[in-house]
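**Q** Sharing a structure with you now.
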Amino acid sequence: MTQVASQTTRKVLASVIALAGVTVLASHASALSLGVKLACANDYYKHCSAHSPGSKEVRQCMRSVGSGLSKSCVNALVNAGEVSAAEVAARRAKAQTASR
């Protein structure tokens, strides 16, 4: 592994660990699974890092980003029951219609 790739890997891992740690410390009734945290870490930092992980505001932010979220994040959110597969399909259909 090159030195640059190794440094990048360490930075990403540190970010994921930091996000997981902050989320564990934040007291919220419906905690996110580790799978969601890992799958959505980049999306969180890209779009919603101004909000505390696990907060109502970060959930609203992630919903507002919607189709801008990565497929792995969306799949993890569906699997965790944070969003329904039907809502994802409806949003995709709406986005496709709007882009025509």
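Rundown of residues vs (1) modelled with pLDDT of 90 or more; (2) of a type outside the set (S, T, N, Q); (3) in a loop (DSSP other than H, G, I, E, B), yes/no style:
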| residue | (1), (2), (3) |
| --- | --- |
| LYS11 | no, yes, no |
| GLY21 | no, yes, no |
| LEU32 | no, yes, yes |
| ASN42 | yes, no, no |
| HIS47 | yes, yes, no |
| GLY54 | no, yes, yes |
| SER67 | no, no, no |
| CYS73 | yes, yes, no |
| GLU87 | yes, yes, no |
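**Q** Do you know which residues across the stretch 66-100 are of a type in the set (Val, Ile, Thr) and more than 10 Å from the chain's Cα centre (by Cα)? If you could, list the steps in order and put the result at the bottom.
**A** In the first step, residues of the stretch 66-100 are kept if they are of a type in the set (Val, Ile, Thr); the result is 74, 78, 83, 88, 97.
Result: VAL78, VAL83, VAL88, THR97.
**Q** A further question on this structure: Taking the condition buried (at least 16 other Cβ atoms within 10 Å of the Cβ), in a loop (DSSP other than H, G, I, E, B) and either at pLDDT 90 or above or not acidic (Asp, Glu) (or both), does GLY81 pass? Give the derivation first.
**A** Numbers: buried (at least 16 other Cβ atoms within 10 Å of the Cβ): no; in a loop (DSSP other than H, G, I, E, B): yes; either at pLDDT 90 or above or not acidic (Asp, Glu) (or both): yes.
Considered against the rule, which asks whether it is buried (at least 16 other Cβ atoms within 10 Å of the Cβ), in a loop (DSSP other than H, G, I, E, B) and either at pLDDT 90 or above or not acidic (Asp, Glu) (or both), GLY81 comes out as no.
**Q** Which is under 24 Å from GLN96 (Cα atoms) and not aromatic (Phe, Trp, Tyr), of ALA31, ALA85, ALA41? Give the derivation first.
**A** On the way: ALA31 fails: under 24 Å from GLN96 (Cα atoms); ALA41 fails: under 24 Å from GLN96 (Cα atoms).
Answer to the check: ALA85.
**Q** Here's a follow-up. Of everything in the stretch 51-69, what is in contact with a helix residue (DSSP H, G or I) (Cβ under 8 Å, 6 or more places away or on another chain) and surrounded by 14 or more Cβ atoms within 10 Å (Cβ to Cβ)? Give them in sequence order.
**A** Hits for the stretch 51-69 are HIS51, SER52, PRO53, GLY54, VAL58, CYS61, MET62, VAL65, GLY66, LEU69.
The values are calculated or read from the model by the stated rules, or taken from the named source; none is laboratory data. Since the structure is predicted, the reported quantities are computational estimates derived from the model, not experimental observations. Backbone-built Cβ (ideal geometry, glycine too); neighbour counts: all protein chains shown.
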